[in-house]
Amino acid sequence: MTAELTAEPSAPPETAMTAGQPATPSRWHAVCRYGDLTPERGACAIVEGAQVAIFRTFDGALHAVGNLDPFSGAQVISRGIQGTRGGAPVVASPMYKDVFDLRTGRCADDPAVALPVYAIRRAAGDRVEVAVPDGHRQ
Amino acid sequence: MRVVVVGHGPTGHRLVEALRSRDGGGACRITVIGEETRPAYDRVALTSYLTEDADLAYPPHDGEVEMVTGDPVAGIDRAARTVRTASGREVGYDALVLATGSAPFVPPVPGRDLPGVFVYRTIEDLDALRDHCRNLTMSRQSVEGIVVGGGLLGLEAARALQNLDVETHVVEVAPWLMPRQLDEGGGAMLRRHIEALGMNVHAGTPMAGLEPGADGAVARVALADGSAVEAGVVVFSAGVRPRDELARACGLEVGERGGIVVDASCRTSDPAVWAVGECALVGGQVYGLVAPCFSMAEVVADRLLALAGGGDSAARFEGADLSTKLKLMGVDVASFGDPFAGPEQGALDVTYTDPVAGVYKRLVVSDDARTLLGGVLVGDASSYPTLRAFIGAELPGSPEQALFGGTEAAGGDLPGATVICSCNNVSAEHIRCAIRDEGLTELAAVKGCTRAGSTCGSCTPLVKKLLDAELTAAGVEVSKALCEHFEHSRAELFDVVRVTGITTFTQLIDAHGRGRGCDICKPVVASILASLGNGHILEGEQAALQDTNDHFLANMQKNGTYSVVPRIPGGEITPEKLIVIGEVARDHGLYTKITGGQRIDLFGARVEELPEIWRRLVEAGFESGHAYGKSLRTVKSCVGSTWCRYGVQDSVAMAIRLELRYRGLRAPHKLKSAVSGCARECAEAQSKDFGIIATEQGWNLYLAGNGGMRPRHADLFASDLSDAELVRYIDRFLMFYIRTADRLQRTASWLEALDGGLDYLREVIVEDRLGLCAELDAAMERHVASYSDEWRATLDDPDKLRRFVSFVNAPDVPDPSIAFEPERDQIKPVLVAGPRLEVAAR
Ligand SMILES: Cc1cc2nc3c(=O)[nH]c(=O)nc-3n(C[C@H](O)[C@H](O)[C@H](O)COP(=O)(O)OP(=O)(O)OC[C@H]3O[C@@H](n4cnc5c(N)ncnc54)[C@H](O)[C@@H]3O)c2cc1C
């Protein structure tokens, strides 16, 4: 999903997706300040037990995907290099360099594999907030 | 038709393979009878059985071929057309092929049968030799050994003996080494190389006899000049004699000096009997190289199939190219064509000697200086494959050009009939057709399809050139573009950054690229910016460009934890520092392992632990070892002249000096180095990007070696350098490489791809042909002056430290997914999640 730069509090989004399943509505969690995020470099937040990789792209947009690299089983996606592929914002897993689309979570070279995508927004007070659907709480 | 093949060496094997591959209808029923206990193996690579434990076995024949091993043929009854083996087996034949090869020649000197005396021909010979040397080295302080014979095989055996920790002497009757291939100048230069490897050469000295010691085994070799050499092991490699005893006994014609006489179709005086390989005397000559042996096998296969099918074959053995290359690590020697042709044959020669680099080259050309007749290369045989391909053909330029530029001319414009691979007799045209018709794009596929380059491998560079030329012609442009964001190669980007003075990725991609980069171009640009001296690698925007290893200044392992390697220059470390490493590892529960680069790797650190680990290491005087970077890793060393009885220079001091000079230097790929204190080469310098071996006079510098997936021995770049010269050449080599190499190109493949190769590199670095040296020197001085420890700089900067947490929203929480279990008293990672491939909805 694309970033939401709205500052107003709103209902938890309907759009958080994982493996194509509509997410159960959830609660927003503040994870850090927008200014704490280095552009084009990820950070990881732990939200209700789930590890979420957060990215601030060059144009200022925010993305949140699962931190677990499905190819290696390690929680490392947030430490990958962020860039673009054919215009789409992507991250390359630092483990075996598999590339994932930050908007859809899909692996660019193996569309059968995807990371869960989480809702993320820039909220009031420059807070960055993430929502994790029920199925992902741990 | 019943075909019996006697002898299962390389030739016998090739014959059977050729028959089977072309005999679809099963016209020949084949029985192979071999004397050795095992089926045929690659005798050419025999030495690698000793040095690398290589498996030499050839692929087995298919089940249709009846195989007998370990049972030599003892007699032939030509009238009855049967052979009888030592165990009494009798086999009838319609066609009999003798492929009995040859046996080592041991001159009739007193003591030749003593224990401790060996030949070097079969796997069993090598096993016995190795066992004997092991027993000696275990029971004695030092062991000396002698190889009798300074030819191709003798030198190969001598180097192998040295590998078995034997102080090795080579005794050659002729006045110089490799007398059958080299002229006097080449022989003299070769001697210097062999001596630089730490072997002793006694040329022009016949042997008087072998003398036993108290234990009855050989202890001494007396030379004809009255001197003697102590030797607990002696290897005879004084030539071979064809094994024609079976042929002789059954009345077949044999040559005066041995060899079964055959005509050009390889048929003996009995039309039902053929002889191929080293046992055959064809056109008055016995061939001791595998390529002509294979050609004979192919000829006979053709003839036999024609006979069996009632047809006709005109296949003939037409003589062979006797070009050879010495297979000795670190010593380049090649001779090709007729290197001895002189004015009587209307030949001229062009000779070049560079005593500093240890290079001797001689080309023999026709008296109009246009046709290449032969030549000798010592010290640098990089142009061997090309020059050999031009034998008998018109040279593309002057002989001098051929001497220096050797390889440049080749590739696309080689005449089609030129034999590229003489081992398998594959022509340039054959290779081109295969590439075109089969649509081949990979070197491995070309080798597999044509067999070119699959035996001795010396023609591989040429096969690659042909492939590249074909691909280019077919419009399969090999793009130099780094990735979708930059059209440039790494070297081009380097120049762009250098010339424009750009200092950030954003400036560069805005002006010269598109998009926002990726995991390919970002680290490349980061490395270029670092090489050009743009501050700490985690400063400002640069931080986002780094690969995770550079970003966390540590190496990511499979479970997402990191390993930490402090620098231990030259592998020298005090007990106090060792204790600190131990304490840090113990307190953080890290797995510790000694690396191949003489340092210590600490595994299993979580991101948030890294700063504390570094702080303790830095306080104890350590700094980052850059194990995570595409940069200098270690300069390994042996203990050197300070302690070692054999050392001739202080290798440790030099290794430390070099490691401290080049630490932190960012490059297209990692850089490894080593310094050995004497020619025994305990530091394995010849497998490094830059390796240094001490000589009595100074240092020999070897460049562009490589371990890893495709090992390559480094080339001797310059000899007997002073400390200052050594450092200057390495400075320039590294900076030139950093400027011009492709992404992730190690120095080995960089040098192989460099037009003009090693000679060109010498011109650039030593003679300053490009007028670049001052700039390269200045760049290195800048690097040295601006170096600072990346760990310390990170510890000193709270802003950089912020990133060292597992979770932005819970800095004190360790990653719960990281778990370990014990193994051999240390930790090992357990992946809680395990690889989990989720299927996305369609
Ligand atoms: C260490 C070493 C390195 C070499 N390096 C090179 C190189 O770099 N380049 C190159 O071109 N060549 C090289 N050679 C030479 C090459 O190995 C020979 O040219 C090749 O082995 C010849 O093959 P062949 O089958 O004719 O003979 P052989 O290899 O000698 O095989 C003959 C076989 O016949 C068997 N035999 C003999 N008599 C009988 C009998 N009565 N009954 C049954 N079996 C019998 C023998 O036991 C043997 O197994 C090297 C050789 C050695 C030893």
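The values are calculated or read from the model by the stated rules, or taken from the named source; none is laboratory data. Every value quoted in this text rests on a predicted model; they were computed, and no experiment measured them. Neighbour counts run over all protein chains shown; Cβ positions are idealised from the backbone, glycine included. Only protein heavy atoms, including side chains, enter the accessible area calculation; ligands, DNA and RNA are left aside. Shrake-Rupley method; radii C 1.70, N 1.55, O 1.52, S 1.80 Å.
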Residues of the stretch B:300-355 that turn out to be of a type in the set (D, E, K, R), under 18 Å from B:THR11 (Cβ atoms) and assigned to a loop (DSSP other than H, G, I, E, B), as a count:
3
Can you spot a residue in the stretch A:61-81 that is over 22 Å from B:LYS558 (Cβ atoms) and facing chain B (nearest Cβ under 8 Å)?
no
Does any residue of the stretch B:782-790 turn out to be crowded, with 18+ Cβ neighbours inside 10 Å, within 37 Å of the chain's Cα centre (by Cα), part of a helix (DSSP H, G or I) and in contact (Cβ under 8 Å) with a residue 40 or more places away in the chain?
yes
Please enumerate the residues belonging to the stretch B:204-220 that are surrounded by fewer than 19 Cβ atoms within 10 Å (Cβ to Cβ) and of a type outside the set (Val, Ile, Thr).
B:GLY204, B:PRO206, B:ALA208, B:GLY209, B:GLU211, B:PRO212, B:GLY213, B:ALA214, B:ASP215, B:GLY216, B:ALA217, B:ARG220
Among B:THR450, B:THR455, which is at pLDDT below 85 and farther than 30 Å from B:ALA530 by Cβ?
B:THR455
Within the stretch A:85-97, is there a residue that is open to solvent by 10 Å² or more (accessible area, probe 1.4 Å), more than 8 Å from chain B (Cβ to nearest Cβ), under 24 Å from B:ALA543 (Cβ atoms) and assigned to a loop (DSSP other than H, G, I, E, B)?
yes
Could you list, in sequence order, all residues of the stretch B:102-115 that are within 16 Å of the ligand (Cβ to nearest atom) and either in a loop (DSSP other than H, G, I, E, B) or within 14 Å of chain A (Cβ to nearest Cβ) (or both)?
B:PHE105, B:VAL106
Residues of the stretch B:718-734 being crowded, with 21+ Cβ neighbours inside 10 Å and in a helix (DSSP H, G or I), in sequence order, are B:LEU726, B:TYR729, B:ILE730, B:ASP731, B:ARG732, B:PHE733, B:LEU734
Subset of the stretch B:259-286 that is part of a loop (DSSP other than H, G, I, E, B) and among the hydrophobic types (A, V, I, L, M, F, W, C) - its residue that is surrounded by the most Cβ atoms within 10 Å (Cβ to Cβ)
B:VAL276
Flagged pairs (Cβ under 8 angstrom, 6 or more apart or on separate chains; first in the stretch A:103-131, at negative phi and without any contact (Cβ under 8 Å) to a residue 40 or more places away in the chain; second open to solvent by 60 Å² or more (accessible area, probe 1.4 Å) and in a loop (DSSP other than H, G, I, E, B)) are A:ALA112/B:LEU837
Can you tell me which residue within the stretch B:246-258, out of those that are surrounded by fewer than 15 Cβ atoms within 10 Å (Cβ to Cβ) and over 14 Å from B:TRP274 (Cα atoms), is farthest from the ligand (Cβ to nearest atom)?
B:GLU256
Which one is farthest from A:ASN67 (Cα to Cα) among residues in the stretch A:36-48 that are at pLDDT 90 or above and more than 7 Å from chain B (Cβ to nearest Cβ)?
A:LEU37
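For every residue, the table says whether it meets (1) in contact (Cβ under 8 Å) with a residue 12 or more places away in the chain; (2) more than 12 Å from the ligand (Cβ to nearest atom).
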{"position": "B:PRO10", "(1), (2)": "yes, no"}
{"position": "B:ARG14", "(1), (2)": "yes, no"}
{"position": "B:SER21", "(1), (2)": "no, yes"}
{"position": "B:THR31", "(1), (2)": "yes, no"}
{"position": "B:ARG43", "(1), (2)": "yes, no"}
{"position": "B:LEU46", "(1), (2)": "yes, no"}
{"position": "B:GLU66", "(1), (2)": "yes, yes"}
{"position": "B:THR69", "(1), (2)": "yes, no"}
{"position": "B:ASP77", "(1), (2)": "yes, yes"}
Given the condition open to solvent by less than 20 Å² (accessible area, probe 1.4 Å), among the β-branched types (Val, Ile, Thr) and either within 23 Å of B:THR740 (Cβ to Cβ) or not in a loop (DSSP other than H, G, I, E, B) (or both), answer yes or no: does some residue in the stretch B:549-563 qualify?
no
Output the number of residues of the stretch B:121-160 satisfying the condition of being open to solvent by 60 Å² or more (accessible area, probe 1.4 Å) and within 12 Å of the ligand (Cβ to nearest atom).
2
B:PRO212 within 14 Å of the ligand (Cβ to nearest atom) and either more than 29 Å from B:ARG159 (Cβ to Cβ) or not charged (D, E, K, R) (or both)
no
Would you check if B:MET189 is of a type outside the set (S, T, N, Q), buried (at least 16 other Cβ atoms within 10 Å of the Cβ) and away from the ligand (no atom under 16 Å from the Cβ)?
yes
Is it the case that the stretch B:787-803 has a residue that's in contact with a helix residue (DSSP H, G or I) (Cβ under 6 Å, 6 or more places away or on another chain), within 8 Å of chain A (Cβ to nearest Cβ) and modelled with pLDDT of 90 or more?
no
Name the pairs whose Cβ atoms lie under 6 Å apart, with the first residue in the stretch B:434-446 and in contact (Cβ under 8 Å) with a residue 12 or more places away in the chain, the second open to solvent by less than 100 Å² (accessible area, probe 1.4 Å) and polar (S, T, N, Q), and 6 or more positions between them or separate chains?
B:ALA434/B:THR450
When the residues of the stretch B:527-547 are filtered to those that are facing chain A (nearest Cβ under 10 Å) and in contact with a strand residue (DSSP E or B) (Cβ under 9 Å, 6 or more places away or on another chain), which remaining residue is most open to solvent (accessible area, probe 1.4 Å)?
B:ASP547
Quick check on my filter: what residues within the stretch B:704-717 are aliphatic (A, V, I, L, M) and either closer than 12 Å to B:LYS672 by Cβ or not in a strand (DSSP E or B) (or both)?
B:ALA704, B:MET709, B:ALA714
Condition check: closer than 29 Å to B:LEU281 by Cα, touching a Gly at 6+ places or on another chain (Cβ under 8 Å) and away from the ligand (no atom under 11 Å from the Cβ). Does B:PHE118 satisfy that?
no
Return the pair list, or none, for Cβ contacts closer than 8 Å from residues in the stretch B:226-249 that are in contact (Cβ under 8 Å) with a residue 40 or more places away in the chain and among the acidic types (Asp, Glu) to residues that are more than 12 Å from the ligand (Cβ to nearest atom) and open to solvent by 40 Å² or more (accessible area, probe 1.4 Å), at least 6 apart or on different chains.
B:GLU230/B:GLU144; B:GLU230/B:ARG220
Quick test of your reading of the structure: A:LEU102 fulfils all but one of (1) away from chain B (no Cβ under 11 Å); (2) over 11 Å from the mean Cα position of the chain (by Cα). Name the failing condition by number.
(2)
In the set B:ALA86, B:ALA80, B:ALA57, B:ALA74, which member is touching a Phe, Trp or Tyr at 6+ places or on another chain (Cβ under 8 Å) and open to solvent by 20 Å² or more (accessible area, probe 1.4 Å)?
B:ALA57
For the stretch B:487-505, check the following and say yes or no: at least one residue is at pLDDT 80 or above, assigned to a helix (DSSP H, G or I) and within 14 Å of chain A (Cβ to nearest Cβ).
yes
